[in-house]
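The structure appears below as structure tokens.
The values are calculated or read from the model by the stated rules, or taken from the named source; none is laboratory data. This structure is a prediction, so every number in the text was calculated from the model and none was measured. Ideal geometry is used to build each Cβ from the backbone, glycine not excepted, and the neighbour counts take in all protein chains shown.
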Amino acid sequence: MCLDNIVAENGKALPLGASLAGDGVNFSVFSRNATAISLILFESSSPGSRWVEIPLDKRGNKTGNIWHCFIRGLGAGTCYLYRADGPYFPEKGLRFNRHKTLLDPYAKALSDISNWDYGKCASYDPEKPGRDLTYSYADDIDYQPRCIVVDDSFDWQSDTPLNYPLRFSVIYETHVKGLTAHSSSGVEHPGTYRGVIEKIPFFKDLGITSLEFLPVQEFNEKEILRRNPSTGEKLSNFWGYSTAAFFAPKGSYAADKTPGGQVREFKEMVRELHKAGIEVILDIVFNHTAEGNEMGPTFSFRGLDNSIYYILNENRRYYQNYSGCGNTMNCNHPVVRTLIMDCLRYWVMEMHVDGFRFDLGSILGRDQNGRIMENPPTLERIAEDPVLNSTKIIAEAWDAGGAYQVGWFPGGRWAEWNDKFRDNVRRYWRGDPKETRYFATRLSGSSDLYLRDGRKPFHSINFVTSHDGFSMSDLVSFNNKRNQDNGEGNRDGSENNFSYNYGEEGHTADPIINSLRERQMKNFFATMLISLGTPMILGGDELGRTQNGNNNAYCQDNEISWYNWALLEKNKNLYRFVKEMIAFRKRHPGFMRPEFFTGRGGAYKGIPDISWFDEKGESPVWDEIGYYLALRLDGSKSETLGDRDDNDFFIMFNADIDTQGFILAAPPHKKEWLRVVDTGLQSPNDILLPGDEKKVPSQHVYPVKARSMVILISKDVTHG
């Protein structure tokens, strides 16, 4: 791009960001407290390329608190940054520094960040006493990545977001890079959006409906300075919960390295996944940014208007830290609220994503002083926004500041990660006493959490494992976390894992222990997939993926976190079970009911929609019930099931260490009970395909093996 004879015309205040307009580009950025803003244009995205700085005139390039200009002759691929001048009074929350270049908060792509050194971006002088109260005169223009002007046009081939109803969804949480980075992945473009496309046949075979990606908004993986104490290798921000640019897809996840190529490649991935019938949900991190606390770098929000973008302490030198990551975004300030809404709409309208999971979502309900609000405008705005009306919105309903809102998350139609489901299911199958009644509540949709405010069973995102914690294989292999490789002395990661190793810590060659571990994993999967609610599988669990006991692998960009695809063959029986359980759920509306159970009879048989039993076939005494539980589901048309008939089911759970005979409820008139699932049996008898179900030897009693569950289906054996 030629930088000679650049002329800045007035331009327009909206839209914010850099927008192609006619024969040029309109630039627009917010700052209320800056005394001066300048735009920096670069000859190219190459480090050290020539640049020119254009001061913006308050008389023509400023409307209210928005600074803007239009420059003819520019197009897609143009690289730019900003500078902001103003008062530097950290004690008053003002941290302007004209020597620091700044990213546009609305930047849609960044240039290569592989050498981004946050240490060069501090607005203070780290060598002087007082540190963050000092002022840095060092220019960082040679160390900062550049924003890239993006052309939003793309051949979507008539694609639109799929927006499946939650109750019909099976979510698969995964990491774009970790999915295919391992040498065993067999893809041409490992660790990229294209690598995800190459795995579409696998996703279709497994049967999931929705991919939920860990953060893909641009972040600096090199921000962690610690090293692995075992190997000496530098650790990496692998998970990406440290956003630097909310509108920009991560460049290193793209095989296309041309300026803006990551945007095109992300869109290609979404389009091809949609063609395969698979949704895209993004884990998004509005609760904080990568600028950290007062000792962190200044590369965007802090340098443009620190006191507006962040919740500051009473001593405004410091930041409120409800995120546990140094700062907290001021999410209910009208300016930040607009940023959040613009960002969500962009990802839906321009990138065609189907939903969002909001990391530490409770922070979006805090006011400008950090207090939890009764009716947070940001959460209500997201829930009621007409553009996002069909978009999935899923909250992690807690934060690091002590807020815990599972079952109470405000804002209307929000779904929630249900960690009570996770913990109660883990405890029950581990054999903890007095857990069975809570287990029953989770199986039936967690009405204790979601019924009172009018939400539905599908608002509960049911999971046993997630990226944050043990993988499922490790959940049944380790009593204690092993996070030494994270360089934090094994102090990081949760101590409350409710895990069990079944006789030997870690991996073992003992066939008896391994068989029991596999059975428990099948129990977890089957429980999750028959429970009322929306199931979420941690990607790789269906392969038996291990992290060798690390339950907080956020900094492990290596084989600890990557999928080893050789496990697909090694653990083919586990994979088959998970695949068939997903298909079983999707075939039967009885497990995807839109309403909570009522205990009343269906339209035809008059049998309650759900009936509970102990092993003796009697109604449970909930305060005294042990490790045995059974339930009968009625498949008649009803208010809870909807307008489609289903089979009846009798399901038995035995978390004890011995086999237990269960008295069966009577099957429907002229029908008999057939076995579909018995996790106590070896593959392929652990789950039977449609038409292959086996009539149980006795219609009165069934022996359920230790630590296993059984699903019986009612069928007319004469007519199949």
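If you go through the range 534-574 and keep only what is touching a strand residue (DSSP E or B) at 6+ places or on another chain (Cβ under 8 Å) and in a loop (DSSP other than H, G, I, E, B), you end up with GLY539, GLY540.
The rows are residues; the columns are (1) touching a Lys or Arg at 6+ places or on another chain (Cβ under 9 Å); (2) modelled with pLDDT under 95; (3) crowded, with 19+ Cβ neighbours inside 10 Å.
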residue	(1), (2), (3)
LEU179	yes, no, yes
SER184	no, no, no
THR192	yes, no, yes
ILE200	yes, no, no
ASP205	yes, no, no
ILE208	no, no, yes
LEU211	no, no, yes
VAL216	yes, no, yes
PHE219	yes, no, yes
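Of the residues in the range 223-236, how many are surrounded by fewer than 16 Cβ atoms within 10 Å (Cβ to Cβ), out of contact with any helix residue (DSSP H, G or I) (no Cβ under 7 Å at 6 or more places or on another chain) and either outside any loop (DSSP other than H, G, I, E, B) or not aliphatic (A, V, I, L, M) (or both)? Of the residues in the range 223-236, 6 are surrounded by fewer than 16 Cβ atoms within 10 Å (Cβ to Cβ), out of contact with any helix residue (DSSP H, G or I) (no Cβ under 7 Å at 6 or more places or on another chain) and either outside any loop (DSSP other than H, G, I, E, B) or not aliphatic (A, V, I, L, M) (or both).
Within the range 311-341, restricting attention to residues that are part of a loop (DSSP other than H, G, I, E, B) and over 27 Å from ILE224 (Cα atoms), which residue is nearest to the chain's Cα centre (by Cα)?
Going through the qualifying residues, I end up with ASN332.
Regarding PRO410, is this residue without any contact (Cβ under 8 Å) to a residue 12 or more places away in the chain and not in a strand (DSSP E or B)? For PRO410, the condition - without any contact (Cβ under 8 Å) to a residue 12 or more places away in the chain and not in a strand (DSSP E or B) - is not met.
A single entry from GLY487, GLY539 fulfils the requirement of being over 23 Å from LEU629 (Cβ atoms) and over 21 Å from the mean Cα position of the chain (by Cα): GLY487.
Among the numbered conditions (1) crowded, with 23+ Cβ neighbours inside 10 Å; (2) under 24 Å from ILE394 (Cβ atoms), the only one that ASP609 does not meet is (2). Over 19 Å from PHE597 (Cβ atoms) and either of a type in the set (Gly, Ala, Ser) or surrounded by 18 or more Cβ atoms within 10 Å (Cβ to Cβ) (or both) - does that describe any residue in the range 435-445? Yes, because at least one residue in the range 435-445 is over 19 Å from PHE597 (Cβ atoms) and either of a type in the set (Gly, Ala, Ser) or surrounded by 18 or more Cβ atoms within 10 Å (Cβ to Cβ) (or both). Here the range 619-635 is the region considered, the condition is being assigned to a loop (DSSP other than H, G, I, E, B) and in contact with a strand residue (DSSP E or B) (Cβ under 8 Å, 6 or more places away or on another chain), and the residue that is surrounded by the most Cβ atoms within 10 Å (Cβ to Cβ) is ASP634.
Here is a check on your reading of the model: is SER638 without any contact (Cβ under 8 Å) to a residue 60 or more places away in the chain, assigned by TED's automatic domain parsing to the domain that holds LEU674, among the polar types (S, T, N, Q) and surrounded by 21 or more Cβ atoms within 10 Å (Cβ to Cβ)? It is true that SER638 is without any contact (Cβ under 8 Å) to a residue 60 or more places away in the chain, assigned by TED's automatic domain parsing to the domain that holds LEU674, among the polar types (S, T, N, Q) and surrounded by 21 or more Cβ atoms within 10 Å (Cβ to Cβ).
When the residues of the range 385-410 are filtered to those that are buried (at least 19 other Cβ atoms within 10 Å of the Cβ) and β-branched (Val, Ile, Thr), which remaining residue is nearest to the chain's Cα centre (by Cα)? Step by step, filter the range 385-410, then rank; the result is ILE394. Can you give me the number of residues within the range 1-26 that are in a loop (DSSP other than H, G, I, E, B), among the β-branched types (Val, Ile, Thr) and touching a Leu at 6+ places or on another chain (Cβ under 7 Å)? Within the range 1-26, residues that are in a loop (DSSP other than H, G, I, E, B), among the β-branched types (Val, Ile, Thr) and touching a Leu at 6+ places or on another chain (Cβ under 7 Å) number 1. Take the residues in the range 349-362 that are aliphatic (A, V, I, L, M) and under 16 Å from the mean Cα position of the chain (by Cα), then tell me which one is nearest to VAL29 (Cα to Cα). Once the filter is applied, the top-ranked residue is VAL353. Being under 14 Å from TRP414 (Cβ atoms) and either among the charged types (D, E, K, R) or free of Cβ contacts under 8 Å to residues at least 24 places away in the same chain (or both) is the filter here; which residues of the range 360-385 pass it? Correct list: GLU380, ARG381, GLU384, ASP385. Give the range 32-42 a look and list any residue that's part of a strand (DSSP E or B) and under 11 Å from LYS62 (Cβ atoms), or say none. Matches in the range 32-42: ALA36, ILE37. Starting from residues that are of a type in the set (Val, Ile, Thr) and part of a loop (DSSP other than H, G, I, E, B), keep the ones in the range 439-480 and report whichever is nearest to LEU532 (Cα to Cα). Looking at the filtered set, the residue picked out is VAL464. One residue alone among PRO668, PRO684 is part of a loop (DSSP other than H, G, I, E, B) and out of contact with any Asp or Glu (no Cβ under 6 Å at 6 or more places or on another chain), and that residue is PRO684.
Rundown of residues vs (1) surrounded by fewer than 18 Cβ atoms within 10 Å (Cβ to Cβ); (2) modelled with pLDDT under 95; (3) in contact with a Leu (Cβ under 6 Å, 6 or more places away or on another chain); (4) part of a loop (DSSP other than H, G, I, E, B), yes/no style:
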site	(1), (2), (3), (4)
PHE238	no, no, no, yes
ALA248	no, no, yes, no
SER252	yes, no, no, no
GLY292	no, no, no, yes
ASP305	no, no, no, no
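Only one of the numbered conditions (1) touching a His at 6+ places or on another chain (Cβ under 8 Å); (2) of a type in the set (A, V, I, L, M); (3) crowded, with 22+ Cβ neighbours inside 10 Å; (4) assigned to a loop (DSSP other than H, G, I, E, B) is violated by VAL29, and that is (4).
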